[in-house]
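**Q** Dropping a structure here in structure tokens format, bear with me for questions.
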Amino acid sequence: MATSQNQYEINKTEEEWRKSLTPEQFHVLRKHGTERAGTSALDKQYGQGTYVCAGCGQPLFTSETKYNSRTGWPSFYAPLEDAIASSVDRTLFMVRTEVHCNRCGGHLGHVFDDGPAPTGKRYCMNGVALDFKPE
Ligand code: FE
């Protein structure tokens with residue numbers, strides 16, 4: 001039963017996660033939920049700093065790679081090195097690449113191939129899955 005829970009450095013039971021996260025964070029990070037577009041304050045903020053995982057605090061993105069994708073979700077063209085992992089998501093009748101924190105496994109969002117230079121990637125993140133640490 002515990003096999004898939006042991007692949008991350010941070011392992012908590014569902015009950016422990018439920019206690020340490022807000023209901024919105026739990027829904028996105030642990031249940032692959034998606035916040036409603038335009039609801040995150042982080043979408044519209046461009047101050048200098050670091051975006052860390054709301055589940056475990058691992059740094060994931062910096063303000064350097066943040067851009068306005070006009071989707072209503074905080075978007076970045078590149079993550080920090082060795083911070084995220086991805087997997088194929090075949091839900092909702094689409095094939096998408098799901099992105100999660102590689103330290104706690106928390107679901108962050110998806111990555112698409114319609115981003116800006118230099119990577120051409122759009123990391124479409126749920127703001128509720130991130131905490132912003134200003135510089
Ligand atoms: Fe994490």
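**Q** Search segment 40-59 for residues being within 13 Å of the ligand (Cβ to nearest atom) and among the hydrophobic types (A, V, I, L, M, F, W, C), and hand back the single one that is nearest to the chain's Cα centre (by Cα).
**A** Among those residues, the one meeting the criterion is 53.
Listed here are the residues, each with its yes/no results for (1) aromatic (Phe, Trp, Tyr); (2) within 12 Å of the chain's Cα centre (by Cα); (3) modelled with pLDDT of 95 or more; (4) not in a helix (DSSP H, G or I).
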position	(1), (2), (3), (4)
4	no, no, no, no
16	no, no, yes, no
30	no, yes, yes, no
61	yes, yes, yes, yes
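**Q** Working carefully through the options 127, 115, find the one that is touching a residue at least 24 places away in the same chain (Cβ under 8 Å), farther than 25 Å from residue 16 by Cα and away from the ligand (no atom under 14 Å from the Cβ).
**A** Of 127, 115, the one residue that is touching a residue at least 24 places away in the same chain (Cβ under 8 Å), farther than 25 Å from residue 16 by Cα and away from the ligand (no atom under 14 Å from the Cβ) is 115.
**Q** Identify, by number, the condition in (1) open to solvent by 20 Å² or more (accessible area, probe 1.4 Å); (2) in a loop (DSSP other than H, G, I, E, B); (3) in contact (Cβ under 8 Å) with a residue 24 or more places away in the chain; (4) within 13 Å of the ligand (Cβ to nearest atom) that residue 37 doesn't meet.
**A** Failing condition for residue 37: (4).
**Q** From the list 96, 70, 103, pick out the single residue that is within 12 Å of the ligand (Cβ to nearest atom), among the basic types (Lys, Arg) and open to solvent by 20 Å² or more (accessible area, probe 1.4 Å).
**A** 103
The values are calculated or read from the model by the stated rules, or taken from the named source; none is laboratory data. This is a predicted model, so every value here is computed, not measured. Cβ coordinates were reconstructed from backbone atoms using ideal geometry, including for glycine residues, and neighbour counts include every protein chain displayed. Note: accessible area is taken over every heavy atom of the protein model, side chains too, but ligands, DNA and RNA are not part of it. Shrake-Rupley method; radii C 1.70, N 1.55, O 1.52, S 1.80 Å.
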